[in-house]
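Below is one structure, written out as structure tokens; comments come after it.
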């Protein structure tokens, strides 16, 4: 195999104390040095709690393959990307890269608010590893892609956040390394621009570039990747074709996410206006479920805090299937709240998806709350919960008596009308025979 | 980047990522490949230095001029420090211009990594470029104040001699020294934030331990050896000799250059050793 990335027994250890106090002081260093003679014969490091963020990870990636990396938070995805992009070294093991690496761990790395769009484009391009001639050649294309032509000589601190992100991503999207390492950067910007970026990345794939792509978004993973590495506790738990690994992940309990909650208000997704506190998938009886009979309605319940009075808020859900196709987007049109500024407090809004509506398979739910005049997204949490729709083939779903593979995003039981025109026996025969 | 290590590219070795081995040989190839980034970061530092300041680049003149006035008043007039045959203000300014470059470059470089933590944790490039850019950005200020220095020479009617041709060489040694000290401190600063507080004080002391605002002859004979070991002494004495058209103290200059080279080399090695941990601790 013509591997462009070869990872062998890669392990990375972090000292946990390092997180609490990221840097030492000279005093500690002196104290440690002074005590060192006394510590001879004892293992001085034994008392420091450590964590193996990566534990014996090995894989080969052939040139041109687009590989998704999935796993829960803390599974080691970001650490792996940091090792592959040479930001940090492994504690053990070895990686060989047979090509130029471009890494995109954050949108806007190197952007400085005081510099103009033009200056930032060159600076960020250079930081990502492009040379001046290359940036100059692609400059017009980058600016046009970001749709910021008019403001390119304005300091980016005057940009709207959307413009800022578009320009930042556009610079990165025009990077042409042999190996592209991307971390969840698509979770920014508006949906139309995300779509454009996804297309741009698929372009990258078309040019035979190798891409490693970390995401929590199963739709994005299944749309982009050919192969998926599932990490769990720093090790490779599964490595294989997309559909296989994703369904293992979703079904394994590693990824079961019928309910998500944020107990720490400061860590909850949202802004000063509203924060998402929990989302769960429920049945009519109120139980949290991760699978629903296709014939039964399923409730998507979001609990959120409104912190500032006066905002008209429209909760909404986006539901994607395993293939990354958006099955639907639904807004809360409840007339009581649709035009009413909301007083602060805790709200629970539930969307009821009727039975016999969605097709079989795993559904990935994005929960959001927006204000549309003026446009503001208060929170938008991708793949916040996942549930499976199960068709039991009892014969009373849209499947009828058919037991084979049934494509389609929705599987509604729809009214049919049939008209029978009784045939005259002899006339019919004659007609057929004629 | 000009290298393109495509698979199968004839004879191109792969990029190998392994646990670091301390005190390995210096890798100067990587910084060279990223020289354009050095250029862009230097330009950024220059552009940001005076953006949003009211006086702008005038600060490059004001700082050494103000220092010169203060020292002229207190050391020249009040304390009556001798100035080896030239007017004290000119004497002091000749020392202050290189010194201010050095002290600004060292303090800028030593904080440069910390203020670039967002880059260090998000993208790879040879880290040494960050303090190097901070040092090079100081050259703009140096040039501006050097022009003022030339004007001052004209004002005092001192003719320029061939010695001026040595200024680039002296500046080169000064830049290397600032780079060495600044890079070393920058690396230590990531691990020990004490540096941030201690360094301005140490730099201040260093100035008074160098013949910046007083002549070398003022120091007692038994401390002359210490003064000679301080590379700033050789460099500043060199600047004075070059611009006042006097004889060079070549052994002193050679010693300064040698010590500077040793410091820069040690700093690069120490930095390479510290570098790999930056992303984890910054």
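Here, each number is a calculation from the coordinates, and none is a lab measurement. As the structure is a prediction and not an experimental result, all values here were calculated from the model. Ideal geometry is used to build each Cβ from the backbone, glycine not excepted, and the neighbour counts take in all protein chains shown.
Going by how many other beta carbons lie within 10 Å of each one, how would you line up A:228, A:273, fewest first?
Numbers: A:228 25, A:273 20.
Placing the least packed residue first, the sequence is A:273, A:228.
With a ≥ b ≥ c the root eigenvalues of the C-alpha gyration tensor of region B:218-263, is it rounded (a/c under 1.5), prolate (a/b larger than b/c) or oblate?
Working: a/c = 2.22, a/b = 1.13, b/c = 1.97.
It comes out oblate by the Cα gyration axes.
Work out the mean other chain Cβ neighbour count within 10 Å for the residues of A:128-136 and drop it here as an integer. Could you put the intermediate results ahead of the total?
Details: counts 5, 8, 3, 7, 4, 2, 3, 2, 0.
Counting Cβ atoms of other protein chains within 10 Å of each residue's Cβ and averaging gives 4.
Nearest 10 degrees, 0 to 90: what angle lies between the long axis of helix B:231-244 and the longest principal axis of chain B (Cα atoms)?
Tilt relative to chain B: about 50 degrees.
Once both axes come from the Cα atoms, what is the angle between helix B:88-115 and the longest principal axis of chain B, in degrees from 0 to 90, rounded to 10?
Compared with the principal axis, the helix lies near 20 degrees.
For a quick check: sort A:243, B:112 by the number of other beta carbons within 10 angstrom, fewest at the front.
Working: A:243 12, B:112 25.
Taking fewest neighbouring Cβ atoms as first place, the list is A:243, B:112.
Only bridges whose two residues both fall in the protein assembly as shown count here: according to DSSP, what percent of them are antiparallel, nearest 5? Write out the running numbers ahead of the final one.
Working: 72 of 93 bridges.
The antiparallel proportion sits near 75 percent.
Just tell me how shielded A:260-268 is by partners: mean number of partner chain Cβ atoms within 10 Å of each residue's Cβ, no decimals.
Numbers: counts 0, 0, 0, 0, 0, 0, 0, 0, 0.
Whole-number average of other-chain Cβ neighbours for A:260-268 is 0.
Taking all pairs of different Cα atoms in chain B, averaging 1/r and flipping that mean, what Kirkwood radius in angstroms comes out? Write out the running numbers ahead of the final one.
On the way: mean 1/r = 0.0490 Å⁻¹.
Hydrodynamic radius (Kirkwood, Cα pairs) of chain B is 20.4 Å.
Mind sorting A:320, A:98, B:155 by how few other Cβ atoms lie within 10 Å of their own Cβ, fewest first? Don't skip to the end; give the middle numbers.
On the way: A:320 26, A:98 22, B:155 11.
The most exposed by this proxy come first: B:155, A:98, A:320.
First measure r as the distance between the Cβ atoms of residue B:52 and residue A:259, then evaluate 1/(1 + (r/R0)^6) with R0 = 56 Å and state the FRET efficiency to the nearest 0.05.
0.70
Kindly rank A:103-111, A:149-157 from highest to lowest mean number of other beta carbons found within 10 Å of each residue.
Values: A:103-111: 22.7, A:149-157: 14.9.
So the order, starting with the most tightly packed, is A:103-111, A:149-157.
If I take R0 = 25 Å and measure r between the Cβ atoms of residue A:176 and residue B:27 in this structure, what FRET efficiency does the formula 1/(1 + (r/R0)^6) give, to the nearest 0.05? Don't skip to the answer; put the middle values down first.
Values: r = 25 Å, r/R0 = 1.00.
After rounding, the FRET efficiency stands at 0.50.
Rounded to the nearest 500 deg cm²/dmol, what is the calculated helix-only ellipticity per residue at 222 nm for chain B, with -39500 (n - 2.57) per DSSP H run of length n ≥ 4?
Numbers: 12 runs with 183 residues, N = 282.
Helix contribution divided over all residues of chain B: -21500 deg cm²/dmol.
Dividing the Cα radius of gyration by the Kirkwood radius, what Rg/Rh value follows for region A:312-409? Display every interim value, and only then the final one.
Numbers: Rg = 16.6 Å, Rh = 15.4 Å.
Using Cα coordinates only, the ratio equals 1.07.
Which of rounded, prolate or oblate describes region A:85-124 when judged by the alpha-carbon gyration tensor and an a/c cut-off of 1.5?
Values: a/c = 4.67, a/b = 2.54, b/c = 1.84.
Judged from the Cα gyration tensor, region A:85-124 comes out prolate (a/c at least 1.5, a/b above b/c).
Which value, in Å³ per residue, describes the convex hull spanned by the Cα atoms of the protein assembly as shown?
Numbers: hull volume 184.7 nm³, N = 716.
Convex hull of Cα atoms, per residue: 258 Å³.
When Cβ neighbours within 10 Å are restricted to other protein chains, what is their mean count per residue of peptide A:78-91? Don't jump to the answer; show the numbers that get you there.
On the way: counts 0, 0, 0, 0, 5, 1, 2, 4, 8, 10, 9, 9, 4, 2.
That works out to 4 on average.
Pairing the Cα long axis of helix B:59-71 with the longest principal axis of chain B, what angle in degrees results, from 0 to 90 and rounded to the nearest 10?
So the helix axis and the longest Cα principal axis differ by about 40 degrees.
In square nanometres, what is one fourth of the surface area of the convex hull spanned by the alpha carbons of region B:12-146? All intermediate terms of the calculation are to be shown ahead of the outcome.
On the way: hull surface 48.8 nm².
Average projection, Cα convex hull of region B:12-146: 12.2 nm².
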